[in-house]
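A short write-up of the structure that comes next.
The values are calculated or read from the model by the stated rules, or taken from the named source; none is laboratory data. Everything quoted here is computed from the prediction, not taken from an experiment. All Cβ positions, even for glycine, are placed from backbone atoms using ideal geometry, and neighbour counts span all protein chains on display. Protein only, heavy atoms only, side chains kept; ligands, DNA and RNA dropped before computing areas. Shrake-Rupley method; radii C 1.70, N 1.55, O 1.52, S 1.80 Å.
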Amino acid sequence: MTDHKMTDLTKGYPAKDYKVIGKPVPLIDSRAKVTGQALYTDDIRLHNPLIIKILRAPCPSANILSVDISAALALSGVKGVLTGADFKNNFGVLSISKDEPAIARDMVRYMGEPVAAVAAENAEIAAHALRLIKVDYEITEGVFNSKEALKPTDHPLHPELNKKNNLHKEILQEFGDLDQGFSDADVVIKKRFRFASINHGFTEPHATQVQIDNKGNITVYSATQVPHYLHMALAEVLEIPEHNIRVIKPHLGGGFGGKSDPFPHEMIAAKFALDLGRNVKIKFDREEVFFSHHGRHQTDLTMKLGYSRKKGITAIDLDTLIDGGAYGSFGIVTTYYNGVLLQGPYKLPNFRFHVQRLYTNKPMCGAMRGHGGVNPRFASEVLLDMACAELDIDPAESRLNMIHKENTLTTNEFRVTSVGLHNGLTEAIKRTKWKEKHGKLPFGTGIGVACGFFISGSALPIHWNKLPASTVRMTIDYDGGVTVYSGAADIGQGSDTMLAQMAAEVLGQPLENIKIISADTRTTPVDLGSYSSRVTFMAGNASRNAAIRMRRILIEAACDLLEMIPPEYDRPDAPDNFFRQGGRKPDFEQGFLGANPDYADGFIIEDGLIRSEKHNASVTYLDAVTKALEFGGILQTSGTYRAPKLGGKFKGAGAGLSPSYSFTAFIVEVTVDPETGFIKVDKATCAHDCGFPLNPLAVRGQIEGCIHMGLGQALMEEMIYDSGATQNPSFLDYKIPSAFEQPEVDIVPAYSDDSEGPFGAKEAGEGILAPVIPAIANAVYDAIGIRLTQLPMRPDRVLSALAKEREKNQEAGT
């Protein structure tokens, strides 16, 4: 079981006189969740809903010759049957990759793909009706791995792309002088790495309910991470105006990227509601969740790394094939992220990456925690460890010397603003007694290190427009209660609590006085969703800015009551530092006040009073609210966030751009049983630079969750396919870690001050995951002297590697 070391994550930070920010705050929905009061999608009780079941293809590759639904329609209790012919438009989360039908029309592209759907009065009738649907398939030759998918074919999975193979996306970028970089290296190491596809393993299965009113308007309750994108997709697929659709995300039982696409079942449910004029509901069983998948891509990569004693990493050359499955999902973004996210956490002067995403006849892959960056991070950190071993250099010290400095540009023009990793890794080395342990522990026990780097939200939207990245609306009621309205989806990471903290701190209110209404497209402004670790930085800034506008209204009302001249709010000058554009005075003449503006105005709001520091005069908060309401009868503001202009001018320069980046280091200690090949992770020490931790309790939870997920990919998780057929679509067969596998966790503060993050914060939800996996692999090498280059690191692979090492030693006579 996990041993928690309750380190103060704000230790080492400059003293901050905050009342709510930086304090360990339980999530505002935690009581509802632990008492069973929280309503998830399937818990909602609509009036007399029809039950939807989906008929799924029994083969991975086939032409659909005919679909006979007559017997199913004739069954008593069946109210409707849908086939691919009922949907004209495809959809997809990316506007440049809308390749997925709600129901397969002419072609089956993966086993488990929807080929028909039934709506009936109950689940038993719906299941019976599925058995009555007759589909005539012409089985075709499938393609089941990336290398096959590259071969020429007259029958690609997506002929609309006009390609002679199954290539979805290919990216080649090169920076610096690769040849010179390898020439400068003291050692050059090249290895092939292979990674199984893995599933998100979220607790709550996919579920959707649709309510229809007497005017034909629909309200879609769905387990989604991005209500806005689902709203857009529904309008396009159903061919109805967006104002006829409302999307609401209830409580969500985990997402990790796996609920950030629009899904076929959501289109099917909404179509049934419109066609039949009845409420409907659908919930997947676990097998269907695995068929839907959207997990991490199966990856086959070859990486070459050059390392110099004096310069550190001199060059990286990467060639990667990623198996995308049947459809696009976030795949184009994934393809870029496989390369560009290697630009940190170290200086990398010479770099080339070539990534190809292929379509295959398997369930599609998409976004998953640490999106695109996890597998190449494993390769680079293992190769770096190998280089250090060959040169007899301390791998922890070597990493310290290469970490990016603050206020720098990477080779591909990422703007690095704040970096706290050097101090964090230094402290982790000290705490773990690294120098006393590395290379010196008994056989079977080892210690390893690895570092990582991730975005705090994408600076560019995936749907090109000029809307803010996030908008928040805020109101104050007659009794002084504050309500924050945001389209951001709380998927368990605590974003609702973070939004409330923003308002509470700026307005001097207790947290319990703040209410959050989120992820409802009818009542909340647009937010681009919970993915790419964007919510804290972007929605947090928007909430903070809405509160600053509200604060100004209250201060001016207080001044009216005190018969004082209100503060002057001069426009700020343009930022004079490209790397530090936050912390200036708010620009009230613009829609966007600025990033993390300084709202000091000579007043203090606390303990129910608004007090002028200069005159030491005060009025009650409620009196100021009442006075402010006299002006217009309503107290309402909005706040936005817009990313600064960033990036180069080359093709693909926008991929991976972020207003800020997080940095992470792990030192992991393991025990390996050479008789069984079993790896036990004993302790994980983490230094994560998330800027200023807004809620140390939530940060701790995210770190421990990332360790847990990383442990799964490292040691046991893998999707197994046989000619496209999923072999382990259940939690009995798909092994995930339990609480008993969770190691002791020690969290080390890694201070940085990001001028543009809300109150100095950066992401803490995804970037933590990637480096824990290579840290385990490097610790295994320290323990038993073998390098594992295929994930998961199963016991049989450990034993095989040990046997090969023994054979090699015997041949060498050692």
Provide the packing ranking of 498-505, 388-395, i.e. peptides ordered by the mean count of other C-beta atoms within 10 Å per residue, highest first. 498-505, 388-395
Could you tell me the center-to-center distance, by alpha carbons, between the range 533-608 and the range 147-190 in angstrom? 48 Å
Measure up Lys191/Lys808; Lys466/Lys651; Lys53/Lys151 against 30 Å on the Cα-Cα distance and list the ones that go over. Lys53/Lys151
Quick one: which of Lys190/Lys311; Lys88/Lys134; Lys163/Lys649; Lys362/Lys683 span more than 30 angstrom between C-alpha atoms? Lys362/Lys683
Among 635-641, 215-221, how do they line up by average Cβ neighbours within 10 Å per residue, starting with the highest? 635-641, 215-221
Quick calc, the chain, dipole around Cα centre from Cβ unit charges on Lys, Arg (+) and Asp, Glu (-), nearest 20 debye, gives 700 debye
With a ≥ b ≥ c from the Cα gyration tensor eigenvalues, square-rooted, and the rule rounded for a/c under 1.5, otherwise prolate when a/b > b/c and oblate otherwise, the range 337-470 is prolate
Could you work out what % of the accessible surface of the range 18-66 is carbon and sulfur, using a 1.4 angstrom probe and leaving DNA, RNA and ligands out of the count? 56 percent
Counting DSSP beta bridges with both partners in the range 461-641, what percentage is antiparallel, nearest 5? 80 percent
Highest mean first, how do 433-439, 75-81, 489-495, 206-212 rank when packing is the count of other Cβ atoms within 10 Å averaged over residues? 489-495, 206-212, 75-81, 433-439
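Diagonalise the Cα gyration tensor of the chain and give the resulting equivalent ellipsoid semi-axes, square root of 5 times each eigenvalue, largest first, whole Å.
Over the Cα atoms of the chain, the semi-axes work out to 41, 39, 23 Å.
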Carbon/sulfur accessible area of the range 461-641, % of total, 1.4 Å probe, equals 50 percent
Percent of accessible area on the range 652-788 owned by carbon and sulfur, 1.4 Å probe? 56 percent
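Quick one: accessible area per residue over the chain, 1.4 Å probe, rounded to a whole number of Å²? Kindly include the intermediate steps, with their values, before the conclusion.
Working: 30940 Å² over 814 residues.
Ligands and nucleic acids excluded, the figure is 38 Å² per residue.
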In percent, what relative contact order does the chain have, based on Cα pairs under 8 Å that are 6 or more apart in sequence? 17 percent
Computed helical MRE - 222 nm, the chain, DSSP H runs ≥ 4 contributing -39500 (n - 2.57), nearest 500: -8000 deg cm²/dmol
Here the alpha-carbon Rg of the range 66-215 over 2.2 N^0.38 Å rounds to 1.56
